[in-house]
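Student: Starting off with a structure, shown below.
The values are calculated or read from the model by the stated rules, or taken from the named source; none is laboratory data. All values reported here derive from a predicted model rather than from experimental measurement. Glycine gets a Cβ as well: all are built from the backbone with ideal geometry, and neighbour counts include every protein chain shown. Heavy atoms of the whole protein, side chains included, go into the accessibility calculation; ligands, DNA and RNA do not. Shrake-Rupley method; radii C 1.70, N 1.55, O 1.52, S 1.80 Å.
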Amino acid sequence: MSILEPTRELVFDKVDAIASQIASSEAASMYWQARDKMMHHQEAQGLFDELKKKTNGLLVLKDRLGEQSDKYQRIKQETARIEERLAEIPVALQYKAAQDELNAMLQEVILVLLARLKDEVPVEPGPRQCGSGGSCSTGGSCSCSH
């Protein structure tokens, strides 16, 4: 056992307490309710699955061919059409709103922790930590929103 072990245990106990508070929050409850509704709505679930595949495909195409390629632009338009169709389904809108709310809470916790540590320890944000309240899209990929 290292000399740091008791400190580490104390930190992780506090992390567990924060995680438990987040898991039992109203935002988490709303997310699970909305997710359950979404999972039982066949059309919305099919569109959501299709959107995830297209979004992941877009990332690959962007890296391989660039945003100006015809294929990338075509898939981007298809993705926009799927998002429009999902926006017409109340269950999907509720799910997205609940997901955004929970993601915002998690992002805020991370940003507050980083802000409190910045003068004490060298912390560099990772690629998914925008520092500007980044948001995650329905497809689950994070993006900065300035």
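Student: Please work out which residue is most open to solvent (accessible area, probe 1.4 Å), limiting yourself to region 53-63 and to residues that are in contact with a helix residue (DSSP H, G or I) (Cβ under 8 Å, 6 or more places away or on another chain) and touching a residue at least 60 places away in the same chain (Cβ under 8 Å).
Tutor: Quick first cut of region 53-63, residues in contact with a helix residue (DSSP H, G or I) (Cβ under 8 Å, 6 or more places away or on another chain) only: 54-55, 57-58, 61-62.
Next, only the ones that are touching a residue at least 60 places away in the same chain (Cβ under 8 Å) stay: 54-55.
Working: LYS54: 48, THR55: 19 Å².
Checking each candidate, the answer is LYS54.
Student: From the set of residues in region 1-31 that are touching a residue at least 40 places away in the same chain (Cβ under 8 Å) and assigned to a helix (DSSP H, G or I), which is most open to solvent (accessible area, probe 1.4 Å)? Walk me through it before giving the result.
Tutor: Of all residues in region 1-31, those touching a residue at least 40 places away in the same chain (Cβ under 8 Å) come to 18, 22, 25, 27-28, 30-31.
Remaining after also requiring assigned to a helix (DSSP H, G or I): 18, 22, 27-28, 30-31.
On the way: ILE18: 78, ILE22: 27, ALA27: 12, ALA28: 5, MET30: 97, TYR31: 35 Å².
That would be MET30.
Student: Criterion first (touching a residue at least 40 places away in the same chain (Cβ under 8 Å) and open to solvent by less than 70 Å² (accessible area, probe 1.4 Å)) does ALA80 satisfy it?
Tutor: Details: touching a residue at least 40 places away in the same chain (Cβ under 8 Å): no; open to solvent by less than 70 Å² (accessible area, probe 1.4 Å): yes.
Answer is no for this residue.
Student: Another question, then. Look through GLY126, GLY139, GLY66 and report the one residue that is modelled with pLDDT of 90 or more and either open to solvent by less than 40 Å² (accessible area, probe 1.4 Å) or closer than 18 Å to ALA27 by Cα (or both).
Tutor: Numbers: GLY126 fails: modelled with pLDDT of 90 or more; GLY139 fails: modelled with pLDDT of 90 or more.
Answer to the selection: GLY66.
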